[in-house]
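Just below is one structure, and these are the notes that go with it.
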Amino acid sequence: MILAEKIMKLRKQNGWSQEELAMKLNISRQSVSKWESTAAIPDLDKIIKLSEIFEVSTDYLLKDELEDEARVGTISDDESDYNNESVRTVSLEDANSYMEMVDGAAKKMAGAVSACILSPVLLILLGGLSEYQETGITEDMAGGVGVTVLLLIIAGAVAVFILIGMQLDKFEYLEKESLNLQYGVAGIAQTKRDYFEPVFKRCIASGVALCIISAVPILIAAAFNPPDMVYVYCVAFLLILIAFAVFLFVWSSMIYGSYQKLLEEGDYTRSKKLENKRNDNLSKVYWCTATAIYLGASFLTRRWEITWVVWPCAGVFYAAVCGIAAMLRKS
């Protein structure tokens with residue numbers, strides 16, 4: 001194992017991102033990225049600092065033949081869990097195949113999600129025309145054509161979801177298991193991630209801006225009290241902007257997420273994978289309980305128009321439950 005691989009391995013064992021390690025060394029994230037991709041070698045003083053931070057000897061870092069070394073000091077429970085976990089080796093061929101597959105599937109998935117958002121637009125427009133304008137379109141015609149188009153779009157989108165899900169299913173282990181990247185995989189993934197990161201940030205910023213702007217036409221229309229049909233057009237325009245924003249979110253997040261999965265960064269660090277595994281049973285119990293409460297309250301009160309609030313409340317409370325569970329484990 002070479003120095004670059006050892007730095008990456010030790011960083012991941014500690015659950016640190018490249019940014020966090022860079023802060024500890026008072027250097028830029030790009031420097032850490034270059035070390036791990038073998039594009040540069042750290043200076044001697046940085047190697048000494050790395051040995052202190054990782055609690056290993058400089059010999060372990062510098063000598064390729066020293067593959068494993070007992071850590072100096074105590075080992076945390078989480079790190080013991082990492083070491084006890086089976087590590088999945090990812091070859092360069094598998095990594096390239098996965099990144100190419102995600103790159104090809106990202107636009108299809110984003111388009112399918114956007115199509116679901118756009119599916120009611122025709123129904124809304126036809127319904128508005130049948131009610132507010134004399135166009136010869138009856139309410140039954142609007143409903144029949146609009147719902148038919150909606151169902152066809154949803155059916156096509158669901159088919160895309162299923163096909164892409166089946167294609168990516170063989171790489172599901174990247175989200176759940178600890179990874180051992182073969183030589184060259186990390187360098188390629190980091191290079192692609194660094195190249196795509198500005199695009200990802202622009203897509204997220206643009207998508208958020210579109211979501212905010214989408215409400216502007218309705219607000220402007222409300223200020224001038226126009227005919228009711230104008231509000232119908234505004235709602236359709238809102239859905240179109242939201243659909244485009246979601247396309248940017250899904251497309252960029254899928255591609256950027258594929259690099260994070262390979263590098264075990266962001267939401268895919270070993271510590272978070274371990275935490276997710278620990279929360280598996282908790283999630284099953286929690287959401288089954290939430291469903292039982294929702295159905296019980298709905299059938300007993302027959303107030304289905306109100307009892308839906310159980311779901312947003314349950315979603316927010318779930319984050320609190322996971323946080324409490326994590327604190328209890330640490331204590």
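Numbers below:
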{"quantity": "Among (1) on the phi > 0 side of the Ramachandran plot; (2) touching a residue at least 40 places away in the same chain (Cβ under 8 Å), the one test that Val160 misses", "calculated": "(1)"}
{"quantity": "Entirely in region 201-315, the helices (runs of 4 or more DSSP H) that have 2 or more residues that are touching a helix residue (DSSP H, G or I) at 6+ places or on another chain (Cβ under 8 Å) and over 30 Å from Val185 (Cβ atoms)", "calculated": "216-224, 228-263, 280-301, 304-307"}
{"quantity": "Any hit, region 146-155, residues being touching a residue at least 60 places away in the same chain (Cβ under 8 Å) and in a helix (DSSP H, G or I)", "calculated": "no"}
{"quantity": "Count of region 1-28 residues which are within 18 Å of Ser57 (Cβ to Cβ) and of a type in the set (Gly, Ala, Ser)", "calculated": "1"}
{"quantity": "Positions within region 309-331 being touching a residue at least 12 places away in the same chain (Cβ under 8 Å) and farther than 23 Å from Lys273 by Cα, in sequence order", "calculated": "Val310, Trp311"}
{"quantity": "Residue match in region 64-73 (condition: in a helix (DSSP H, G or I), surrounded by fewer than 13 Cβ atoms within 10 Å (Cβ to Cβ) and modelled with pLDDT under 85)", "calculated": "no"}
{"quantity": "Residue list for region 82-117, restricted to those being assigned to a helix (DSSP H, G or I) and modelled with pLDDT under 85", "calculated": "Tyr82, Asn83, Asn84, Leu92"}
{"quantity": "Subset of region 157-179 [outside any helix (DSSP H, G or I) and not charged (D, E, K, R)]", "calculated": "Ser178, Leu179"}
{"quantity": "Positions within region 10-38 being acidic (Asp, Glu) and modelled with pLDDT under 85, in sequence order", "calculated": "Glu36"}
{"quantity": "Residue match in region 100-109 (condition: touching a Ser or Thr at 6+ places or on another chain (Cβ under 6 Å) and either buried (at least 19 other Cβ atoms within 10 Å of the Cβ) or not assigned by TED's automatic domain parsing to the domain that holds Glu177 (or both))", "calculated": "yes"}
{"quantity": "Only one of Ala243, Ala297, Ala290 that is farther than 23 Å from Asp94 by Cβ, of a type outside the set (Ser, Thr, Tyr) and assigned by TED's automatic domain parsing to the domain that holds Lys108", "calculated": "Ala243"}
{"quantity": "Within region 179-221, tally of residues that are more than 26 Å from Ala40 (Cα to Cα) and of a type in the set (Ser, Thr, Tyr)", "calculated": "2"}
{"quantity": "Contacts under 8 angstrom Cβ, first residue in region 109-126 being under 13 Å from Leu248 (Cα atoms) and hydrophobic (A, V, I, L, M, F, W, C), partner modelled with pLDDT under 90 and crowded, with 19+ Cβ neighbours inside 10 Å, 6 or more apart", "calculated": "none"}
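Per-residue answers, yes or no, for (1) exposed (fewer than 12 other Cβ atoms within 10 Å of the Cβ); (2) closer than 30 Å to Ser33 by Cβ; (3) not charged (D, E, K, R):
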position	(1), (2), (3)
Arg193	no, yes, no
Pro198	yes, yes, yes
Arg202	no, yes, no
Ala205	yes, yes, yes
Ile212	yes, no, yes
Ala215	no, no, yes
Ile220	no, no, yes
Ala223	yes, no, yes
Tyr231	no, no, yes
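The values are calculated or read from the model by the stated rules, or taken from the named source; none is laboratory data. The model shown is predicted, which means the values in this text are computed figures rather than measured ones. Cβ coordinates were reconstructed from backbone atoms using ideal geometry, including for glycine residues, and neighbour counts include every protein chain displayed.
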